[in-house]
Amino acid sequence: MSHKINILDPNQELVIKWSGLIDMDGLYKKIWEWYKNRKFEVHEKTLKDKGRAEGREEEIKIDAFRNDTDFFRVWINLYIHTWELNRVDVVVDGKKKKMEKGRFKVTMRLVFEADYENRWEKSKFFIGLRTFYLKYFMNRKIQTYGDKLEYELHNLHEVIKQHLGMEAAGNQYSDMW
Amino acid sequence: MVERRIIVDGMKLSYTGLFNAAELYKLVDYYFRERAYTKHELKNDEIVLPSGKQIALVKEPYRKITDYAKYVIRVTINMDEVKEVAVEKDGAKVKLNQGSVEMTFDGFLELDYEHRWEKKPLFYFLRAFFDQFVYKVHTERFEQGLQEEVGDLHAQVKGFLNLYRY
């Protein structure tokens, strides 16, 4: 079992909740593009679409990882849940556009995985060595690298907020890394 | 368990009228960025209602002062009935927001955030003893610094909202 380090301490996730008009297709494409540009391998673990009387309910679980080195791997996982989605026609800049109206919640989680190939799991001695290495040699490097990953996650957070047209959008840390 | 001291408790700011919601958010974000705080947004909810947007935002950025002490400032922003309005100023039309804003500022000083001095009861006791008697001067200095930073932010936001009193 590889060693997983949670970067977003103390809360482990970033959450966005929105109620109003959503361009789900556009958002989905933007998320995939974001992952692709940053060389993540994306896996859509769950896609549930339930028809309900008040509107569609969707659940999408995306697990994406990137192997930064042969020892470290980064996971940025998304969980999208929508409720009461109904298709509406909206006029945007003089053009008719199909959008959806409903409630939307996205949860983002960032996990840093060490020894994802389980090379240092063969014996208790190797596991001890790995723990010693991570705790005493790599601790500061992990913190610095974790900072960079956190801002990368905030970048995705910002992309989603901009797409939804939220008032609380505008990342002043966009040029940090 | 990290020792979290409440230094600033529920400093409030309320405003009703014209303001720019996006600029207000950027102001708060930029304030923290300038002072090298790590961005940490806990909650960002927005509901579009017929009476206007309802926005709830909770940010809790932190800054490590030493490897033992950390500043945490929690900003809670609640905006109600936020509508977009066009206002004429100096002959030019400006897009602003109309609604009510309620902000709460809390400041916490976190000590031993790396949990080094709580692994054993003896360490825990030593930590409490040193915090209370030996490092008191430094801790008081940190508390003062945190109070100043929260006060600064409060003043900046107050000044920003006063700009929109047309």
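Readers should treat all values here as calculations from the given coordinates under stated rules, not as data from a laboratory. Predicted, not measured: the structure shown is a model, and the values here were computed from it. So basically every Cβ, Gly included, is an ideal-geometry build from the backbone, and we count neighbours across all protein chains shown.
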(request) Wrap a convex hull around the Cα atoms of the stretch A:16-69, take a quarter of its surface area, and give that in square nanometres. (result) 4.8
(request) Taking the Cα centre of chain B as origin, work out the dipole magnitude from +1 charges on Lys and Arg Cβ and -1 charges on Asp and Glu Cβ, in debye rounded to 20. (result) 220
(message) Let me understand the stretch A:3-164 better: what is its radius of gyration from the alpha carbons, and its Dmax, in angstrom?
(response) 19.3, 68
(request) Could you work out the relative contact order of chain B, using alpha carbon pairs under 8 angstrom and six or more residues apart, expressed as a whole percent? (result) 29
(message) Within 10 Å of each Cβ in B:55-63, how many Cβ atoms from other chains are there, averaged over the peptide?
(response) 2
(request) Report the local net charge at B:Asp106: Lys and Arg +1, Asp and Glu -1, summed over other residues whose C-beta lies under 10 Å from its C-beta. (result) -1
(message) With angles folded into 0 to 90 degrees, how steeply does helix B:21-34 sit against the dominant principal axis of chain B? Use alpha carbons for both and round to 10.
(response) 30
(request) Taking every Cα atom in the protein assembly as shown, find the radius of gyration and the maximum pairwise distance Dmax, and write them in Å. (result) 23.0, 76
(request) For peptide B:26-38, compute the average count of partner chain beta-carbon atoms within 10 Å of each residue's beta-carbon. (result) 3
(request) Could you pull out every one of the lysines with an alpha carbon less than 21 Å from that of B:Lys136, ignoring same-chain neighbours closer than 8 positions? (result) B:Lys64, B:Lys70
(request) Among A:Leu164, A:Leu85, A:Leu47, determine the one that fluctuates most according to a GNM of chain A built with springs between C-alpha atoms less than 10 Å apart. (result) A:Leu47
(request) Could you pull out the pairs from A:Lys4/A:Lys30; A:Lys17/A:Lys98; A:Lys39/B:Lys43; B:Lys89/B:Lys158; A:Lys95/B:Lys43; A:Lys124/B:Lys43 whose alpha carbons sit more than 30 Å apart here? (result) A:Lys95/B:Lys43; A:Lys124/B:Lys43
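Using a 10 Å cut-off around each Cβ of peptide B:41-54, what is the average number of partner chain Cβ atoms that fall inside?
Mean partner shielding for this stretch: 5.
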(message) Give me the base-10 log of I(q)/I(0) for chain B at each q in 0.13, 0.18, 0.19, 0.20 Å⁻¹, Debye formula, one uniform scatterer per Cα, rounded to two decimals.
(response) -0.70, -1.08, -1.17, -1.25
